[in-house]
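What follows is one structure encoded as structure tokens, with my remarks underneath.
The values are calculated or read from the model by the stated rules, or taken from the named source; none is laboratory data. Given the structure is predicted, the values throughout are model-derived calculations rather than measurements. FYI the Cβ positions are ideal-geometry reconstructions off the backbone, even for glycines, and counts take in every protein chain you see.
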Amino acid sequence: MSDPRITSSIFTRGAVDLSALRTPAPSSAPAQSGPPAGAPGGAVGGVTVIDVTEATFQSEVLERSLNTPVVVDFWAEWCEPCKQLSPVLERLAVEGGGAWVLAKIDVDANPRIAQMFRVQSIPMVYAVVGGQPIDAFAGVVPEAQLRQWIQAVLKAGGVSVAAPSDPRLDEADDALMNGDLDAAERAYRKILAESPADAAAEAGLAQVGLARRVAGADPQAALAAAAANPDDVDAQLLAADIEVLSGLAEQAYKRLVDTVRRTTGDDREKVRQHLVGLFTIAGPEDPAVASARRALASALF
């Protein structure tokens, strides 16, 4: 069995149905302390970071977000990438002085919330404004990029209307999330046949390929094999795939750029194409992709 800590970083574009959580199920967990429901996070008691359970989700996230943007951090104690991201989020929340509130949710203790948000990997971070999720990202991102994302959330203010969803993408995404890779591939390819420049479909198709490549792999063994055999191209490719799925895309990009530097001929081209495929998943606007593309160009020329 593969390590449960290595999970997919795929983010579904479909709408998140939180209706089941608007009336929390009975819980013996004590309610979390904090400002009254609906009060701005920094306005009462200077609260900027709170632990949220299913029992307090409605008041601490949904109702609070009617007045103050809430950033929801899904994490777990065993998640190493979470230990990189969460402290940065907490520091930025304190720095924000109540302009937004960080709500931390332990997925092991609150699986129902994670299910409602369709969390497939952690760390997973959602922005909730006006009672609705408006944006999200998975994995560890650089602090500069995180600051830009938070600024965009703050700028959104009370706007909770998301862009109209594409039912074709929703169908493809659902198949991918359900593990039906064949159906997902057909759906993404159909979109690309009709709209060849559809970046979301291209990213989805790349995610299908990634999921297939890592199926059945033992993440810890694969990473150990790559470390022990730096000249084994296939071992490096699999290790990079696993790193992307565990939210360590920048580490994966560096691994493959370094492999490009060590290889020639067909091996070098194989690694280059694989890396470009991983870039497709994140998209060209991702700062980490832009940086890695520059490093790749330097390694090639």
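Touching a residue at least 24 places away in the same chain (Cβ under 8 Å) and closer than 18 Å to Glu202 by Cβ: is that true of Thr259 in this structure?
So Thr259 fails the test.
Just checking, does the stretch 94-102 include any residue being in the same structural domain as Phe117 (by TED's automatic domain parsing), under 17 Å from the mean Cα position of the chain (by Cα) and part of a strand (DSSP E or B)?
Yes, the stretch 94-102 has at least one match.
For the stretch 173-223, enumerate the residues that are aliphatic (A, V, I, L, M) and out of contact with any helix residue (DSSP H, G or I) (no Cβ under 8 Å at 6 or more places or on another chain).
Within the stretch 173-223, Met177, Ala193, Ala197, Ala199, Ala215, Ala221 qualify.
Assuming Glu63 fulfils every condition listed in (1) surrounded by fewer than 20 Cβ atoms within 10 Å (Cβ to Cβ); (2) modelled with pLDDT of 90 or more; (3) within 14 Å of the chain's Cα centre (by Cα); (4) not β-branched (Val, Ile, Thr) apart from one, which condition is it?
(3)
Would you point out the residue of the stretch 67-101, among those that are over 22 Å from Arg112 (Cα atoms) and aliphatic (A, V, I, L, M), that is surrounded by the most Cβ atoms within 10 Å (Cβ to Cβ)?
Ala93
Residue-by-condition table, conditions (1) out of contact with any Pro (no Cβ under 7 Å at 6 or more places or on another chain); (2) in the same structural domain as Gln145 (by TED's automatic domain parsing); (3) modelled with pLDDT of 90 or more:
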| position | (1), (2), (3) |
| --- | --- |
| Pro26 | yes, yes, no |
| Ala29 | yes, yes, no |
| Gly38 | yes, yes, no |
| Thr53 | yes, yes, yes |
| Trp78 | yes, yes, yes |
| Leu85 | no, yes, yes |
| Val125 | yes, yes, yes |
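I'd like to know if the stretch 224-233 contains one or more residues that are of a type outside the set (A, V, I, L, M, F, W, C), within 27 Å of Tyr188 (Cβ to Cβ) and either in a helix (DSSP H, G or I) or touching a helix residue (DSSP H, G or I) at 6+ places or on another chain (Cβ under 9 Å) (or both).
no
Out of the residues in the stretch 135-169 meeting the condition of being crowded, with 16+ Cβ neighbours inside 10 Å and modelled with pLDDT under 85, tell me which one is nearest to the chain's Cα centre (by Cα).
Residue satisfying both the conditions and the ranking: Val141.
Glu54 passes all but one of (1) part of a helix (DSSP H, G or I); (2) free of Cβ contacts under 8 Å to residues at least 60 places away in the same chain; (3) more than 17 Å from the chain's Cα centre (by Cα); which number fails?
All conditions pass for Glu54, except number (1).
Could you please give the count of residues in the stretch 118-128 that are buried (at least 22 other Cβ atoms within 10 Å of the Cβ) and over 16 Å from Val49 (Cα atoms)?
Selection size over the stretch 118-128: 4.
Among the residues of the stretch 170-194, write down those that are under 12 Å from Leu205 (Cα atoms), at pLDDT below 90 and either of a type in the set (A, V, I, L, M, F, W, C) or in contact with a His (Cβ under 9 Å, 6 or more places away or on another chain) (or both).
Ala172, Ala175, Leu176
If I ask for residues that are in a helix (DSSP H, G or I), in contact with a helix residue (DSSP H, G or I) (Cβ under 9 Å, 6 or more places away or on another chain) and loosely packed, with under 15 Cβ neighbours inside 10 Å, which ones from the stretch 277-290 would you list?
Once the filter is applied, which keeps residues that are in a helix (DSSP H, G or I), in contact with a helix residue (DSSP H, G or I) (Cβ under 9 Å, 6 or more places away or on another chain) and loosely packed, with under 15 Cβ neighbours inside 10 Å, the stretch 277-290 yields only Pro287.
Give the residue, chosen from Glu250, Glu269, Glu202, that is of a type in the set (D, E, K, R), assigned to a helix (DSSP H, G or I) and free of Cβ contacts under 8 Å to residues at least 60 places away in the same chain.
Glu269
Which condition does Gly283 not pass, out of (1) within 29 Å of Val119 (Cα to Cα); (2) modelled with pLDDT of 85 or more, if it passes all the others?
(2)
Return yes or no: is Arg268 modelled with pLDDT under 90 and among the basic types (Lys, Arg)?
no
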